[in-house]
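All of the numbers you see were taken from the coordinates with simple rules; none came from a lab. Keep in mind that what you see is a predicted model, and the values were worked out from it rather than measured. Here the Cβ positions follow ideal geometry from the backbone for every residue, glycine too, while neighbour counts run over all protein chains shown.
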Amino acid sequence: MIAVRTENLTKCFKKLIAVNSISFEVSEGEIFGFLGPNGAGKTTTINMLSTLISPTRGRAEIMGHDIVRKRNDVRHSIGVVFQEPALDSRLTGRENLEFHALMYGMPLHERRSRITEVLSLVELADKADALVETYSGGMKRRLEIARGLMHRPKVLFLDEPTIGLDAQTRRHIWEYVKKLNEDTGITMILTTHYMEEADALSHRVLILDHGDIVALDTPAALKDVLGGDVMELTVGNDAAAFIGEMRATSWIKKTVAENDMIRLTMEKAETRVTAVVQAAANHGAVLLSVSVRKPSLDDVFIHYTGKTIRENGGGNDKPRGFRHHGRR
Amino acid sequence: MPYGGDSMSVLNVIFVLWLRDMKRFVRAPSRIIGNITLPFFMLVALGAGFGRMPIPGMQSPNYLSFLVPGMVGMTILFSGVFSGMSVLWDRQYGFLKEIMVAPVPRVAIVIGRIASGSTTGVIQATVIALFATALGFVLPSPVKFALAVVFMVLISIIFTGIGLIFASRMKDEQGFGLIMNFLVLPFLFLSGAFAPISNLPAWVRAISCIDPLTYGIEGLRAVLLGSSAIALPVSFAVCAACAVLLILTGAWFFETSEAV
């Protein structure tokens with residue numbers, strides 16, 4: 001069954017087109033990754049799908065319910081873990097969950113057991129009665145995930161679930177997300193601008209840039225498009241002649257030069273190192289480093305947009321002037 | 001299985017929103033003090049200061065007792081209108097999204113907010129009325145005081161509703177504060193809180209007649225003092241009608257507002 005379907009979904013903020021006529025389908029039980037730099041339109045899409053804002057054009061359905069005409073049915077079917085904490089810091093962790101349970105009309109007996117259950121799932125049982133303002137960033141995020149799961153949604157949105165968290169907490173959250181999906185079959189829509197995250201978690205990845213769909217496939221298929229491994233070189237001088245030869249070499253499928261970095265795509269790159277180093281020496285190019293690796297989604301992103309996700313970034317995932325400053 | 005959707009869940013939602021605000025209120029009580037400072041000093045300065053002066057057009061035994069319903073109304077006006085600020089805080093700290101993404105009727109969200117705004121408003125107003133007794137104000141019978149609480153609740157609903165409507169469309173705290181100040185002063189000074197409206201020129205009196213606070217304060221005078229410029233049933237009918245209207249308008253504004 002189709003869990004999420006969009007047709008030409010579009011959102012404009014005044015003159016800015018934040019999401020530009022995107023269409024895709026997500027199957028039930030899938031972990032679907034939205035990958036893109038800040039400002040690509042990921043959060044705006046999530047906000048539309050979760051009924052917080054209305055689309056400018058186009059339509060979308062969650063579990064068969066239209067996001068504009070059947071908002072209440074959509075709201076019943078979804079759970080959302082927001083990018084910025086959406087917790088009341090003057091309440092305790094447990095009180096935040098109780099609030100959620102009552103808002104979703106859970107009966108008392110189920111409320112108690114479910115709160116205990118989700119608290120232990122995210123390992124916050126011992127901190128449940130402390131005020132949320134005393135929580136660390138990772139604890140807040142875990143509490144939000146617990147909350148998003150409490151009412152057993154069919155579709156869970158995770159908007160940048162690990163942004164600003166340390167590596168260890170990030171891995172932890174990845175494990176929760178995977179386990180949850182395997183155990184409960186819940187459909188998950190995840191946004192991230194971390195390549196590893198999209199790669200590690202998603203069954204399929206949608207790459208979004210400036211509101212447009214750039215690519216949509218499984219991580220493996222996306223990487224296959226690149227046609228092989230990546231050899232990354234750093235050069236210490238002007239290497240135009242060397243780059244020229246690389247472009248002309250038949251077994252190199254793609255050559256991308258960016259500042260002092262040259263990325264070559266080829267099969268069995270580990271066997272070609274000598275040849276490349278030799279060519280660099282012939283053209284007087286000073287090689288500072290050479291590395292060979294399997295392609296990452298980062299390379300996929302570069303392949304489709306011609307730039308790295310990082311240089312694209314900066315700022316907020318919102319049009320300027322839209323978002324209020326000064327959060328806690 | 002989706003939960004809820006019936007009338008029980010509407011009551012649950014109103015209750016949980018009210019409960020949350022009460023917890024926040026109890027944990028940060030400084031807000032109450034801030035809200036009642038102005039009416040407190042006005043009672044002292046004006047009530048005690050002008051207490052013995054005869055004022056034409058006034059049916060009350062003295063100025064202090066005339067002023068007390070006015071100050072009770074003013075306290076509720078301030079507390080109500082600025083409870084919209086809590087929506088802005090929730091928006092700023094993200095919690096509004098948690099509320100707005102929940103599968104609950106928007107009218108329940110508005111009534112829940114109004115319920116907590118009214119509770120704090122009535123508590124503050126009661127503190128002011130009790131304080132006035134220390135200056136010589138005589139409280140009426142408990143039954144009449146209960147009637148006064150009914151009027152306090154109605155005034156609260158009206159002005160909390162107005163605050164929420166503006167808050168549903170605004171993102172910036174300073175702007176909200178500015179607009180609210182701009183609104184509060186005409187509501188207050190045209191309402192006859194400080195002086196009988198019968199003393200006003202006819203055209204100003206005409207404006208007073210479209211100020212809901214006028215009916216709220218006259219209603220309070222009718223039950224607290226036993227005399228008022230507007231008949232009690234009229235005040236009650238106008239306040240009740242305005243309250244219903246604002247709840248419905250508020251629900252519409254929340255239904256159509258964007259939470260981020």
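Let me check I have the definition right: for the protein assembly as shown, take the eigenvalues of the Cα gyration tensor, multiply each by 5, take square roots. What are those semi-axes in whole Å, largest first?
61, 24, 20
To test your reading of the geometry: what angle, between 0 and 90 degrees and rounded to tens, separates the Cα axis of helix B:106-134 from the longest principal axis of chain B?
Taking the Cα atoms of chain B, the angle to B:106-134 is about 30 degrees.
What is the Rg over Rh value, at two decimals, for segment A:227-294, using alpha-carbon atoms and the Kirkwood definition of Rh?
Working: Rg = 10.5 Å, Rh = 11.6 Å.
Looking at segment A:227-294, the ratio lands at 0.91.
Among A:Met266, B:Met85, which comes first, then next, by fewest other beta-carbon atoms within 10 Å?
Going from sparsest to densest Cβ surroundings: B:Met85, A:Met266.
Run the dipole for the protein assembly as shown about the Cα centre, Lys and Arg Cβ at +1, Asp and Glu Cβ at -1, nothing else charged, and hand back the magnitude in debye, nearest 20.
Once rounded to the nearest 20, the dipole reads 1540 debye.
Taking the Cα atoms only, what angle lies between the long axis of helix A:93-103 and the longest principal axis of chain A, rounded to 10 degrees?
The helix A:93-103 is inclined about 70 degrees to chain A.
Of the cross-linked pairs A:Lys15/A:Lys254; A:Lys42/A:Lys294; A:Lys223/B:Lys97; A:Lys140/B:Lys23; A:Lys179/A:Lys254, which ones have a Cα-Cα span greater than 31 Å in the structure shown?
A:Lys15/A:Lys254; A:Lys223/B:Lys97; A:Lys179/A:Lys254
For segment A:156-234 and segment A:134-150, write down the distance between their C-alpha centroids in whole Å.
Each part reduced to its Cα centre gives a spacing of 20 Å.
Normalise the Debye intensity by I(0) for segment B:7-256, one equal point scatterer per Cα, no solvent, then take log10 at q = 0.15 Å⁻¹ and round to two decimals.
Rounded to two decimals, the profile gives -1.02.
At q = 0.11, 0.14, 0.25 Å⁻¹, what log₁₀ I(q)/I(0) does segment A:106-199 have when each alpha carbon counts as one equal point scatterer in the Debye sum?
-0.32, -0.52, -1.49
What do you get for the angle between helix B:30-42 and the principal long axis of chain B? Use alpha-carbon atoms, 0 to 90 degrees, nearest ten.
20
Express as a percent, rounded to the nearest 5, the fraction of DSSP beta bridges in chain A (both residues included) that run antiparallel.
Around 70 percent antiparallel, to the nearest 5.
Using helices alone, I'd like the mean residue ellipticity at 222 nm for the protein assembly as shown: each DSSP H run of four-plus residues gives -39500 (n - 2.57), total over residue count, nearest 500.
Mean residue ellipticity, 222 nm, calculated: -16500 deg cm²/dmol.
If you take every DSSP beta bridge whose two residues both sit in the protein assembly as shown, what share of them, in percent to the nearest 5, is antiparallel?
On the way: 38 of 56 bridges.
Counting DSSP beta bridges with both partners in the protein assembly as shown, the antiparallel share is about 70 percent.
Could you tell me how far the Cα centroid of segment A:1-76 sits from the Cα centroid of segment B:100-135, in Å?
Taking the Cα centre of segment A:1-76 as reference, the centre of segment B:100-135 is 37 Å away.
Dividing the Cα radius of gyration by the Kirkwood radius, what Rg/Rh value follows for segment A:2-222?
Across segment A:2-222, the Cα-based Rg/Rh ratio is 0.96.
Bin width 10 Å, alpha-carbon pairs only: give the P(r) of segment B:152-248 as whole percents, running from 0 to the bin holding the largest distance.
For segment B:152-248, the binned pair fractions read 16, 44, 31, 9, 0 percent.
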